[in-house]
Amino acid sequence: MTHFESELAALKQKLLLMASHAESAVNNAIKALVDRDDDLARKVAEDDDKIDHLEQEVDAACIALLAKAPLATQLRLITSAMKIARDLERVGDEATTIARRSLDLSQEPQLKAYVDIPRMATMAMAMLNDALGAFVNGDTARARAVIPRDKDVDQLNKQLYRELASFMIEKPTTITRCLNLMTISKALERIADHAKNVAEDVVYLYEARDIRHLGATAA
Amino acid sequence: MAAITLPSDPVDLVTPPGLLSAAPLIEAKNVELFYGSSRALKGIDITIKEKLVTAFIGPSGCGKSTFLRCFNRMNDLIDNVRITGQCLIGGEDIYAKDVDVIELRKRVGMVFQRSNPFPKSIYDNIAYGLRLHGTKDKSEIDGVVESSLRGAALWDEVKDRLHSSALGLSGGQQQRLCIARAIAIRPEIILMDEPASALDPLATVKIEELILELKKEFTIVIVTHNMQQATRISDYTAFFYIGELIEYDLTTKIFTNPAKKQTEDYVTGRFG
């Protein structure tokens with residue numbers, strides 16, 4: 001391994017560290033919501049700084065590496081790393097949003113049993129996990145398989161919106177809670193979008209093919 | 001998961017702390033060099049840190065090679081050259097009257113653009129300097145020949161033909177032999193004047209990798225025309241223009257955010 005290759009390996013490691021922080025942030029935020037655990041929710045919000053800092057570190061490392069004029073796969077790795085870092089940072093932000101809304105929600109009695117939200121979280125996190133696994137192993141088939149699953153999460157989000165809208169119409173005292181849950185649902189839908197972005201970056205990284213904006217069939 | 005400690009300076013997230021804390025080894029104070037009446041170096045002040053790679057860049061004729069040659073007094077060999085100011089290595093003025101230039105060049109080795117092996121065997125190219133400096137013991141010389149060739153990442157390629165002529169090696173191998181020859185006498189500093197500019201890309205990669213290995217033991221100052229090479233191998237970069245040191249900073253800084261417009265113009269190829 002050349003010195004440059006070991007620097008690239010370190011960059012990958014830093015991205016994976018970021019990913020592990022982002023994943024646990026989302027998992028903890030959902031756990032805080034379901035368990036009505038305010039301490040855990042506050043911890044998620046506080047820990048977001050770590051992810052933000054890692055994004056800056058990844059970007060700074062990428063700039064330094066780009067100055068060395070890398071080419072081909074190495075060039076694509078560095079540019080993809082910057083994009084993946086941004087997506088992971090946003091995942092962290094969404095986790096913070098979920099945590100903050102959980103704090104609001106725990107001020108009032110629980111509106112209903114949470115079924116769809118944990119299910120959406122599981123789907124979105126599985127997408128992110130697969131996209132990152134594909135990144136680590138260079139498995140573009142696995143990355144491609146992530147992309148159509150975004151539609152399923154969108155579907156659940158829309159379904160939840162309709163359901164929460166009907167709650168609000170029936171009983172205006174639930175409006176605050178419903179709006180908070182809608183925000184959480186939207187946050188999970190966005191996390192799935194970020195997972196999809198990462199998957200598209202992984203295909204670009206390993207195949208040099210830009211599959212964004214092609215629609216599910218063409219990808 | 002261990003807590004992440006945040007760097008104290010939020011702007012600088014990638015500079016290894018060792019780069020900033022390395023001890024100074026070479027100091028130039030107001031160095032000026034004249035060829036006859038023409039002033040080729042203008043009041044240069046610089047401090048070069050030990051066990052790091054420092055690159056000198058700049059357009060042809062900017063004085064970077066001339067300045068490099070001040071550190072082992074190679075300019076003394078040119079007629080009509082006059083140097084003023086101070087050049088210190090480890091705090092000692094290398095232009096002081098009592099300095100033994102041969103001893104100085106033992107401390108400060110040099111590798112040139114064109115590989116220049118002696119017309120002798122591979123073995124003798126390395127043994128020559130040792131014998132010159134008084135080593136007679138054959139097993140000791142054998143040991144240094146091997147360790148130097150290993151240090152220059154050449155051993156595996158030549159171990160079966162140590163006694164054949166060095167001139168039969170490829171250009172890249174000859175250059176690594178010259179590096180082996182330089183490190184055999186254990187200098188503190190290795191000056192390199194465009195060591196890879198005559199080599200193909202693969203041989204260049206080997207030399208660059210070698211330089212990154214060598215900095216664990218030696219202080220390296222390298223003149224290069226290849227800016228990407230400077231970014232790949234050096235920790236600090238000095239930009240020279242018409243005999244002046246325009247900017248000297250961390251390599252990452254020079255190539256991503258230079259302070260001076262002239263540096264920006266040069267590294268972006270807008271110069272001249």
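On alpha carbon coordinates alone, what is the Rg over Rh value for chain B, Rh being the Kirkwood radius? Intermediate results must be reported in sequence, preceding the final value.
On the way: Rg = 19.5 Å, Rh = 19.7 Å.
The Rg/Rh ratio comes out at 0.99.
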Which cross-chain or sequence-distant (5 or more) residues have an amide H under 5 Å from the amide H of B:Glu247, H modelled 1.01 Å from N in plane?
B:Phe239
On C-alpha positions alone, give me the angle between the axis of helix A:116-137 and the longest principal axis of chain A, in degrees, nearest 10.
0 degrees
Between the range A:16-84 and the range B:145-203, how many Å separate their Cα centres?
44 Å
Please report the spacing between the Cα centers of the range A:142-219 and the range B:79-143 in Å, no decimals.
68 Å
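Of the DSSP beta bridges with both residues in the protein assembly as shown, give the percent that are antiparallel, rounding to the nearest 5. Walk me through the numbers on the way to the answer.
Values: 25 of 42 bridges.
Among the beta bridges of the protein assembly as shown, antiparallel pairing accounts for roughly 60 percent.
Determine the shape class of the range B:62-177: with a ≥ b ≥ c the square roots of the Cα gyration tensor eigenvalues, call it rounded for a/c under 1.5, and otherwise prolate if a/b is greater than b/c, oblate otherwise. List each step's numbers first, then the result.
Details: a/c = 2.63, a/b = 1.77, b/c = 1.48.
Cα axes put the range B:62-177 in the prolate bin.
Where both residues lie in the range B:102-230, what percent of DSSP beta bridges are antiparallel, nearest 5? Write down the numbers at each step before the final one.
Numbers: 1 of 10 bridges.
Taking every DSSP beta bridge within the range B:102-230, about 10 percent pair in antiparallel fashion.
Mind checking the range B:219-272 for trypsin sites (Lys or Arg not before Pro) that DSSP puts in a loop (not H, G, I, E or B) and that have at most 13 other Cβ atoms within 10 Å?
On the way: sites: B:Arg232, B:Lys253, B:Lys260, B:Lys261, B:Arg270; in loops: B:Lys260, B:Arg270.
When the trypsin sites (Lys or Arg not before Pro) of the range B:219-272 are filtered for loop state and at most 13 Cβ neighbours within 10 Å, B:Arg270 remain.
Report, as an integer, the average count of C-beta atoms from other chains found within 10 Å of each Cβ along B:248-255. Please list the in-between numbers first.
On the way: counts 0, 0, 1, 3, 7, 1, 1, 6.
Average per residue, whole number: 2.
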Rounded to whole Hz and in sequence order, give me ³J(HN,Hα) for the range A:170-184 from the Karplus expression 6.51 cos²θ - 1.76 cosθ + 1.60, θ = phi - 60°, writing x for Gly and Pro.
5, 9, x, 5, 8, 4, 4, 5, 4, 5, 4, 5, 4, 4, 5
Take the Cα of A:Glu46, step 7 Å along the line toward its Cβ, and report every residue of the range A:62-105 whose backbone nitrogen sits under 15 Å from that point.
A:100
If amide hydrogens are placed 1.01 Å from N in the peptide plane, which non-local residues have theirs closer than 5 Å to the one on B:Ile222?
B:Thr54, B:Ala55, B:Phe56, B:Met192
Given an 8 Å cut-off on Cα distances and at least 6 residues of separation, report the relative contact order of the range A:69-219 as a percent.
39 percent
For B:Leu25, distant residues with modelled amide H under 5 Å away
B:Ile48, B:Lys49, B:Glu50
For the range A:75-81, 3J(HN,Hα) per residue [Karplus equation, 6.51 cos²θ - 1.76 cosθ + 1.60, θ = phi - 60°, Hz, x = Gly/Pro]
5, 5, 4, 5, 5, 5, 4
Treating the protein assembly as shown as a set of equal point scatterers at the Cα positions, no solvent, please give the Debye-formula log₁₀ I(q)/I(0) at q = 0.09, 0.10, 0.11 Å⁻¹.
-0.75, -0.85, -0.94
Report ³J(HN,Hα) in whole Hz for each residue of the range B:85-94, in order, from the Karplus equation J = 6.51 cos²θ - 1.76 cosθ + 1.60 where θ = phi - 60°; Gly and Pro get x.
x, 10, 10, 10, 10, x, x, 9, 6, 6
Counting only pairs 8 or more residues apart or on different chains, how many lysine pairs in the range A:3-218 have their Cα atoms under 13 Å apart?
6
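Please state, to two decimals, what the Cα-based radius of gyration of chain A comes to when divided by 2.2 N^0.38 Å (N = residues). Before the final figure, lay out each step's value.
Details: Rg = 18.8 Å, N = 219, 2.2 N^0.38 = 17.1 Å.
Normalised Rg, Cα atoms only: 1.10.
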With every protein chain left in place, what is the accessible area of B:Leu25 in Å² (1.4 Å probe, nearest 10)?
20 Å²
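The values are calculated or read from the model by the stated rules, or taken from the named source; none is laboratory data. Predicted, not measured: the structure shown is a model, and the values here were computed from it. Every residue, glycine among them, receives a Cβ derived from its backbone with ideal geometry; neighbour counts consider all protein chains shown. Side chains are part of the model used for accessible areas, which takes the heavy atoms of the whole protein and leaves out ligands, DNA and RNA. Shrake-Rupley method; radii C 1.70, N 1.55, O 1.52, S 1.80 Å.
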